[in-house]
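See below for the structure under consideration.
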Amino acid sequence: MAKSYDLILVGAGMVGALSAVLLAKASLRIALVDKHTGLYTLSTPPAYDARVSAISSQSKALLEEAGVWQNIPKNRVASYDNMVVWDGVGEGMVDFNAHNSDMPELGHLVENAVLNDQLLARLKDDASVDLYLDDQLDTYELNETGVTASLASGHQLNAQAIIAADGALSKLRQDNDFDTVEWDYGHTAIVATIEIAQSHQNTAWQSFGEEGILAFLPMPSVDGREYVSIVWSVPPSDAEALMALSDEAFCQRLHYAISRKFDVLSVTRERQAIPLRQRHAKQYVKAGLALIGDAAHTIHPLAGQGANLGFGDVKALVAVLSNAQRRGEALGSLRVLRRYQRARMLDNIAMAAGMETFKRLFASHHPAVVGIRNMGMKQFNRSRMLKNKVVARAAGLSSFS
């Protein structure tokens, strides 16, 4: 016999798991399906996992509402109060400061595995959520009045709608013929955790230079020693060469790529190389189905906004569906699901366009372009009003919608 739910949520990553917690808190019955076992192997500091996320004020508030943020061990979270961005082939620099923006901090850094682990722990205690882990959709049928699904395990499920949080390569998006706009960025991101000799000063450092786009993101100190997570975006051929270097040679290249601001002592976690691709679904919804997070959109990691855009989707989806439930509306109807799409699409497109503009702006090393670019950066850095607007947007405190 089929078991009935309000929603079937596919994908128990950060976005899917947070959606399940908050939707259940809104009195909806949730089935959460993921082929992952839900068991995470956590790093031992200072060998922090290379995959980390920058968490904005809005995202932190959602995680607090879910009762998750409070349970993350303090020694697994690093806050940053400043962000310094500079042109590595010129003299342009912009300094964002939390105090100047009347904020306690600009954001936090946390390992993806740590956050996922806490979200799953929270869900295991939630009577309104049934976990179907190490399992996946086998067959399903969608329509506005309800959906049916059969899992590989043989479980039969009924619900009002399916929410696809199954990542950038979303099978639900592909199987249901959602058109996308996408292209390769021509960049591969090298991620790793490194030890540095100097203090990171609770600051996120980012250089746009001849060596590519390089971010040093502060991680928690251990026994007075300083660590950062790096995201180094370079053309694929350069990434291949960098990945082939010994750790010692790689650290030396990092020292020069970050404009010699830090002495790089060691790599504490194995480097990973991740090809970067921009992707945006032209529509987020169809009858009985909605895409959220990376299933709907992926962007360049240069501003660290990927996870925050996904959490923004969660906030909008929960608001739309909980309101519809109170009104007695069918959760899978296009009329309802399009409210979520309208709430999120403009913001997500604007952020993707902004990241593409930044990437292209810093791609040229022609002296005339560098001069104009640096002049603009200096002017921008002198405008506290403009910088505060950018900080508010990155924190999720303002939007384009």
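Please treat every number below as a calculation from the coordinates, not as lab data. Values in this document were obtained by computation on a predicted structure and should not be read as measured data. Ideal geometry is used to build each Cβ from the backbone, glycine not excepted, and the neighbour counts take in all protein chains shown.
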Query raised in the report: What angle do you read, to the nearest 10 degrees and between 0 and 90, between the alpha-carbon axis of helix 334-361 and the longest principal axis of the chain?
Result: 10 degrees
Query - Per-selection Rg to Rh, segment 1-104 - Cα, Kirkwood hydrodynamic radius - result: 1.09
Query raised in the report: Which links in Lys35/Lys359; Lys25/Lys389; Lys315/Lys387; Lys282/Lys359; Lys25/Lys282; Lys359/Lys389 stretch past 28 Å when you go from one Cα to the other?
Result: Lys35/Lys359; Lys25/Lys389; Lys25/Lys282
Query raised in the report: At what distance in nm do the modelled label points of Ser150 and Val181 sit from each other, each positioned 7 Å from its Cα along Cα→Cβ?
Result: 3.9 nm
Query raised in the report: Using a simple charge model, +1 on the beta-carbon of Lys and Arg, -1 on the beta-carbon of Asp and Glu, nothing else, what dipole does the chain show about its Cα centre, in debye to the nearest 20?
Result: 1320 debye
Query raised in the report: Could you give the angle, 0 to 90 degrees to the nearest 10, between helix 247-257's Cα long axis and the longest principal axis of the Cα atoms of the chain?
Result: 80 degrees
Requested in this report: Please figure out what share of the DSSP beta bridges in the chain is antiparallel and state it in percent, rounded to the nearest 5.
Outcome: 70 percent
Query raised in the report: Hey, what D do you get for segment 74-115 in µm²/s if you plug the Kirkwood alpha-carbon radius into Stokes-Einstein at 20 °C and 1.002 mPa s?
Result: 177 µm²/s
**Report entry** Residue-averaged [θ]222 nm for the chain, counting only DSSP H segments that reach four residues, each worth -39500 (n - 2.57)
**Finding:** -11000 deg cm²/dmol
Report summary line: Cα extents of segment 165-275 per principal axis, largest first, Å, are 51, 29, 23
Query raised in the report: Taking a temperature of 4 °C and a viscosity of 1.567 mPa s, what whole-number D in µm²/s does Stokes-Einstein yield for the chain with Rh from Kirkwood over alpha carbon pairs?
Result: 59 µm²/s
Query raised in the report: Within the P(r) computed for segment 257-401, what percentage of the Cα pairs occupies the region above 27 Å?
Result: 41 percent
Query raised in the report: Hey, what's the Kirkwood Rh for segment 194-250 if you take every pair of different alpha carbons, in angstrom?
Result: 12.5 Å
Query raised in the report: Based on DSSP, what percent of beta bridges with both residues in segment 63-209 are antiparallel, to the nearest 5?
Result: 75 percent
Query raised in the report: Which value in nm describes the separation of the simple spin-label points at Arg335 and Ser246, placed 7 Å from the Cα toward the beta carbon?
Result: 7.0 nm
**Report entry** Percentage, to the nearest whole number, of Cα pairs in segment 145-186 over 11 Å apart
**Finding:** 75 percent
